[in-house]
Amino acid sequence: MKKCAPIGIALAAAVVVAAYGQEDPKSPEPVVLRGHEDVVFSAAFSPDGTRVATASKDETARIWPAAGGEPVVLRGHQDSVRSAAFSPDWTRVVTASYDNTARIWPVAGGEPVVLAGHEALLNSAAFSPDGTRVLTSSFDNTARIWPAAGGEPVVLAGHEAYVFSAAFSPDGTKVVTASQDTTARIWPVTGGEPVVLRADGGWVKSAAFSPDGTRVVTVSGDNTARIWPVAGGEQVVLRGYEAGVNSAAFSPDGTRVVTVSWDNTARIWPVAGGEPVVLAG
C-alpha cells in the first residue's frame, strides 16, 4: 500500500470549530469559531465558501462568516442539533435535531419552517439539488422528503431498523438511504418500491451517490466500503481496514472513493478496486 502525509482543509467538530485556510499550505492557520457551549456535531461551508454552518449539542445551530466574526445563532430546537446544511443558493439552512424535527431557517435569521412528523430523533437533513425539497433520516426507521415551503412529506418506509443517513442523487430523482438493518435502498423521490442493496456485513452507516448518479458507495459494520451500480450488477468491495469505517464519498470526477475509519486512517481507492493510497499520520 502507498502512504502519504495528511493533506487538505480540516474542520474540527468539538466545542471549538476551526476552519483552515490555504494561504500557506505548509502551515495553515485556522480561523477559530468560538461560541458553542457543548460538542459540535457537524460543520459545513456554504456553496460560495463565505459562510460556515455548525450544529451543536447545545441545541443551537450557528452561521458564521468564514473569515471569522459574530455568528447568526439559530435557536428553537428542544434537543441537540445533529446536522446543519445550506441550500444550493445559500439563502437557507436546514437543521436536523434529536427533538424529532427538522427546521429550515433564513440565513439572515428569522422564524424557521418546522418539519414535524418523525416519531424519533433525526440523524440528517439535506436540501435537494434544486432547493425545493428537504430529505430527512430518522431513528423511526424512515426517511422523508418534504416540500421546502412546508407541507406533507413523502414517507420512505421499509427499513426494519434505524435510518442513519439519506442523500439525493445529483439529478434529484432518487434517494439513497443507509440503515442499521444491513441494507441501503435506492428510492424514487415520488415514493414506491426501492432497489435494495444488501451488505450482508452488518449495519450500513452511510451511503452516497457518485457525481454522475450511476453508482452508490456504502460503508458497513464489517469494516468495508462497497461500490454498487445503481442499475444493478456486481458490487466492488473495498477491504483492508482493521476497524470500523465511518463514511465514504466519491471524488468530483467519480474515479476515486475516499473512506475514513476508526483505525486512524483515510484511504483513497480506485472505483474499480485495487490498492488504496493510505493517509496516515
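Restricting the first member to segment 205-223 and to residues that are closer than 18 Å to PRO252 by Cβ, and the second to residues that are acidic (Asp, Glu), the beta-carbon pairs closer than 6 Å and six or more apart or on different chains are GLY213/ASP171.
If you go through segment 62-74 and keep only what is touching a residue at least 12 places away in the same chain (Cβ under 8 Å) and either part of a loop (DSSP other than H, G, I, E, B) or closer than 20 Å to ALA120 by Cα (or both), you end up with ALA66, ALA67, GLY68, PRO71. For segment 102-171, the strands (runs of 3 or more DSSP E) that sit wholly inside it and include 2 or more residues that are among the small types (Gly, Ala, Ser) are 122-127, 133-138, 163-168. Scanning segment 173-212 for residues that are in a loop (DSSP other than H, G, I, E, B) and surrounded by fewer than 17 Cβ atoms within 10 Å (Cβ to Cβ) yields a total of 10.
Go through segment 252-263 and report how many residues are within 22 Å of PHE164 (Cα to Cα) and of a type outside the set (A, V, I, L, M, F, W, C). Even if it seems obvious, please write down each step before you answer.
If we filter segment 252-263 for residues that are within 22 Å of PHE164 (Cα to Cα), which is where we start, we get 257-263.
Subsequent filtering for residues that are of a type outside the set (A, V, I, L, M, F, W, C) retains 259, 261, 263.
Of the residues in segment 252-263, 3 are within 22 Å of PHE164 (Cα to Cα) and of a type outside the set (A, V, I, L, M, F, W, C).
Answer with yes or no whether GLY35 is at pLDDT 95 or above and over 27 Å from VAL163 (Cα atoms). When the stated conditions are applied, GLY35 passes them. On inspection, GLY240 does not qualify as modelled with pLDDT under 95, more than 21 Å from PRO276 (Cβ to Cβ) and either outside any strand (DSSP E or B) or not assigned by TED's automatic domain parsing to the domain that holds ALA280 (or both).
Looking across segment 127-144, the residues that are crowded, with 22+ Cβ neighbours inside 10 Å and not hydroxyl-bearing (Ser, Thr, Tyr) come down to PHE127, VAL134, LEU135, ALA143, ARG144.
The values are calculated or read from the model by the stated rules, or taken from the named source; none is laboratory data. All values derive from a computational prediction rather than experimental measurement. No Cβ is skipped: glycine too gets one built from the backbone with ideal geometry, and neighbour counts run over all protein chains shown.
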